[in-house]
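Just below is one structure, and these are the notes that go with it.
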Amino acid sequence: MIKNLNNNLGEVVIIIFIVAFILFIAINPSKFKSIDDFKGKQLHKGGHYIGKILSTSKKNFDHTQKLEFKYLNQFIKDNKLSKNGFPFIIHTSHSEESIQYIIAIPIVHCPENTLPLKFVCNYFPKQDVLAVIHEGYLHDRYKGWEMLENEVAKQNIKIFNAPFEVFWKGAEQSKDSTTWLTGLYYPIQ
């Protein structure tokens, strides 16, 4: 009988916790949403980067790029290259099914040795960009990209180069996804 009472008490505690959590989310929904802030025209400084050319399905994009960034960081460490900024992705093309892109990390200079297959080391040009700062989890950053597309159309701006995103603060720095910061950029003329 005491065992059943303990089990029932445990179930009641779990139910109270779940109800309290749902009420907290209902009362404070803004704490669990991402924020996209349009910053307008800015100058992106550019510089050398090392990267890897990839193509994945949209469904696997976030998972694949996380793994590939780990491999790229290991390559940088193994080859004693000096990082010079935050990781970023250059979006070279996309369709309904797949995304082609380059994961990249800024470095001081390109290595002189031969790079592995699909690796590149290039200079990213200094350029004017339209910018949106996305704060929060990455799965819904498409809203920020939509903001940029709308501004480009509204202002009749010509896009100069491939769009890119810079990961200023992510899972590596904080487990709290509401504090993650990503810059979304459309290079313009």
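Readers should treat all values here as calculations from the given coordinates under stated rules, not as data from a laboratory. Please read these numbers as outputs of a predicted model, since none were measured by experiment. Heads up, the Cβs are rebuilt from the backbone with ideal geometry, glycines too, and the neighbour counts pull from every protein chain shown.
Couple of notes before you dig in:
- Rounded to the nearest 20, the size of the Cβ-charge dipole of the range 35-187 about its Cα centre is 400 debye, with Lys and Arg at +1 and Asp and Glu at -1.
- Working from label points 7 Å from Cα in the Cα-to-Cβ sense, the H91 to N161 distance is 1.7 nm.
- A compact globular protein would have a Cα radius of gyration near 2.2 N^0.38 Å; the ratio found for the range 35-187 is 1.03.
- Whichever lysines have a C-alpha closer than 24 Å to that of K59, once near sequence neighbours (fewer than 8 apart) are set aside: K33, K70, K118, K143, K169, K175
- Note on L117 and D62: their simple-model spin labels are 3.0 nm apart, each label 7 Å out from Cα toward Cβ.
- Taking 0.692 mPa s as the viscosity and 37 °C as the temperature, the Stokes-Einstein diffusion coefficient of the range 72-161 based on its alpha-carbon Kirkwood radius rounds to 208 µm²/s.
- Förster radius 45 Å - calculated FRET efficiency between I35 and S55 (Cβ-Cβ, nearest 0.05): 0.90
- Euclidean distance of C-alpha centroids, the range 69-101 and the range 151-189, integer Å: 15 Å
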